[in-house]
Structure formats: structure tokens, C-alpha cells
Ligand code: ARG
Ligand code: ZN
């Protein structure tokens, strides 16, 4: 549902007010603006409305730190996996193997308890990020221009801005683009599907989504970059656009995504209301799909980040994406879903360490794609099944797309970086990330054209 306050905000935002770098800077919490003197009265009014409409603040990050440990023994690794599975802490680098470092974010009230727990296992925690609040603040103060008419890739943008840009793009390029509002999020935000191609509906397709996890901002930014390359530089890709259709949904968890701009930079889930009293808001949208739902790497505690939801497809946003994938499944050959971070190009299964029987086909295409990706800026991506590359986690969209919709080439891509900036990848890295990912997409699109179209 859209609260009245929220629709007021939308109203105000669509008045064409913009907040640009160097003018007004909306900050988390009650720190309202910097450089107030440069703001126009109107913009102040918009800001006031935005802030008034913003509900209680998200998690308190003051005093939050990340602690790193390196398990040296089997027992230590087991302890860490137990802690990870319990879901109480936010693991920013999950336990994989002995000798590989594990990063855990702890709020101020958790630091002592976590340190003690780690030390009891003989681990020596090192503080890696001393001030998570500051790290997050630093990024939020590089303003995204909310309500801007056109998009740029020098900042991150909320879902409203992205939608408005897509609408403009589609109306500027009617020969190439079809924009459809295919659903609404829980809080009433539009969910758009942009089809790019000129060969007609029968051509083989590549379905691409982003923003399933709210805080992974580089995902929608990269997906919109891909859209922009294809559409505004279409003459360079004439050939591909005549033989392949690209289906884009850049922000499939818009409520959570916007909430990570306004309230809690590290929010991951959707924003649905708790299913039972005393529960917490939202579910992990990438544990909510109806394929081996709730089996592995997921929780039925609504207050943890990998909560699978009250039922498969309890989250309306995932129903919307499911319905589009279902509608397009006969022609769609590739499904790509973008996350961050870790630089991994992963294929099913995510619910089991077993591999699909055609895994070698998926592996080969992934290796070709990351080869082209690396040639652009030297960025290295790891390739493998997601269970084998990171951890088992069931109810993911990739597994459903392959296991239920029958799309052969399904990939979850963990974009930049390797953990230097965690989820707060500096905006200056959006364009390099977009450029290299576009190189990978071209390899995949050429493969689709060659295999299914010619
Ligand atoms: N980091 C992603 C997540 O936790 C990886 C998903 C991989 N796919 C899967 N089905 N487990 O959602
Ligand atoms: Zn993710």
C-alpha cells in the first residue's frame, strides 16, 4: 500500500524538483541538509516533506564495526558456519574454508558479545571497518539526484528516478523499446519491464533483473547502464538488436531499494508488513521462490536477513517477476540476475551442491563472458555453481528460472568488488562496472544469436 504521506512525496518529487550535487544534500536521520544557503525555498519544502514522510529510522549503525577472522581449524570453521546459519549477525564475507577470512558486521550492542564468542573459539577478531556509520554516510552524502529528468552513472538513483528515465528513454526510442508496467510493489511502486529489440516477439530473449536485494546499489546502476548502452548506442549493436530481445527489470525490490536510500542503507529485504505480531518487516526476496523453498541457507525467523517469507512467493514483487518469466519462458534462453558483491558469475544450483546435467554448457558460456569482462579493466570474476562458489541457499530466482521455468542459461552475478567497499561501492566505479559487464553481455547475446536465431 502507498501511504498518503508517500504519495505526497511522489507528488512533490514529480513536480520536477531536483536535488543535485552541490545543492541540497539529503542525509540519513535528522541531519537534514548541508549547504542550506544554496537551496531554494522550494527544494527545502520538498526536503521537509520527504523527511516528514519518512517513518522511523532504520537500524542504528553508530558504533557498528566489521570484525574479520580467519578460521585456522575445522572446529573454528564449524563454529563460524553455526554463527552464520543462526542469522543473528550480518556476514559480509561468509565462512567458506580454512584460511579464508570472514567479515562480520556487528552493531554497537553486538560488538562485545560477538568478540567474546569469536574469542571463545580461539579466533582473533580484527576490526576491519571501525565505523560503519561513517562509511555509509560517506556514500549517502554523494547525492543521488532524485527526480532528475535524465539518468547519469556518476551517482546512484532511487526507483522513482530510474522509472522516470526509463519512460523517457522508451518514448525517445519507440522503434526499439517497449515499456510496460507489469505490477506494483507492496507499497505501490510501479514495476516496469523494458523490452529492447527490433526483431519481433519470436526472437530469442535474455531476461535481466537487478535490485532484488535492496542495499546492492551497483546492481540497478549496472543494469540501467546496460540498457543505456543498447538503446542510445543502438547502431553499434544493430545486428544483435535484430536477432535478440532484451527484457529488463532494473529494480525488482523497489520498496526495499528506496528504503535503503531513505532509512537504512544496509537494508536487504522487501518491506512487506510482518505476517504475525511481533515479527519484522520484509522477506529475503531471493529466498522466496517456489523451488526447494526453505530448504537451505534461509530462515523462518522474520527478523533475520535471509528470512524466506511466510510462504513461497509471499512477496508480491517476486510474483510479478515470476509472471513475466513465465510469460516469456518459451523464447527466453538466458536469465541474468545482478547482485553484489564478490565478482562471481554463478549458475545453478543454489539449493544443492549437485550440478545440473548441462552444467558444462553454463560453465563454458560463463567463462567466455568473464573473459570478455576481464579484458576491459582487468577485473577477475570467479565462475562456478552458486552452492559451490559461495553457499547453499534455496528459494533463489536463478534456481526457479532453471528448475521451474526451464530457462537453460541462468546466472546470478555478484558484481564488484571483492569486499573493499562492501555494499557501498563508490559511485565512481559504476561506469567501469557497467562497461565490463556490457562486454560480458555482448558475448552472451552473440551466443544467443548464433545458437538460437541464425
Ligand atoms: N548472494 C546471493 C544470495 O544470497 C547468491 C544467490 C545465489 N543463488 C542461489 N540460488 N543461492 O541471494
Ligand atoms: Zn544479493
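Computed from the coordinates by the stated procedures, all read-outs in this text should not be read as laboratory data. Because the structure is predicted, anything quoted here is derived from the model rather than measured. No Cβ is skipped: glycine too gets one built from the backbone with ideal geometry, and neighbour counts run over all protein chains shown.
Summary of values
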quantity	calculated
Listed peptides 206-212, 195-201 by packing density, highest first (mean Cβ within 10 Å)	206-212, 195-201
Which of 97, 399, 158 has the fewest Cβ neighbours within 10 Å, and the rest in rising order	97, 158, 399
Separation of the residue 418 and residue 138 label points, Cα + 7 Å toward Cβ, nm	1.9
Fully extended contour minus Cα-Cα distance, from residue 82 to residue 290, at 0.36 nm per residue	72.3 nm
Fewest-first sequence of 414, 315, 180 by Cβ atoms within 10 Å of each Cβ	180, 414, 315
Square roots of five times the Cα gyration tensor eigenvalues for segment 154-297, Å	30, 17, 13
Using a Förster distance of 30 Å, the FRET efficiency for residue 182-residue 361 (Cβ separation, nearest 0.05)	0.50
Sorted by Cβ density within 10 Å, fewest first, the residues 377, 421	377, 421
Where Rh is the Kirkwood radius over Cα pairs, Rg/Rh for segment 271-405	1.00
Contour minus Cα-Cα distance for residue 120 and residue 62 (0.36 nm per residue)	18.3 nm
Semi-axes of the equivalent ellipsoid for segment 144-214, Cα gyration tensor, largest first, Å	22, 16, 12
Relative contact order for segment 292-447, counting Cα pairs under 8 Å that sit 6 or more residues apart, in percent	33
Efficiency of FRET from Cβ geometry, residue 316 and residue 109, R₀ 30 Å, rounded to 0.05	0.35
Average silhouette area of segment 323-403, convex hull of alpha-carbon atoms, in square nanometres	5.8
Distance from segment 414-454 to segment 242-280 (C-alpha centre basis), Å	21
Computed lengthening from residue 201 to residue 329, 0.36 nm per intervening residue step minus Cα-Cα distance	44.9 nm
Calculated FRET efficiency for the pair residue 446/residue 235, C-beta based, R₀ 25 Å, to 0.05	0.90
Distance-filtered residues of segment 433-454 - backbone nitrogen under 14 Å, label point 7 angstrom along residue 380 Cα→Cβ	none
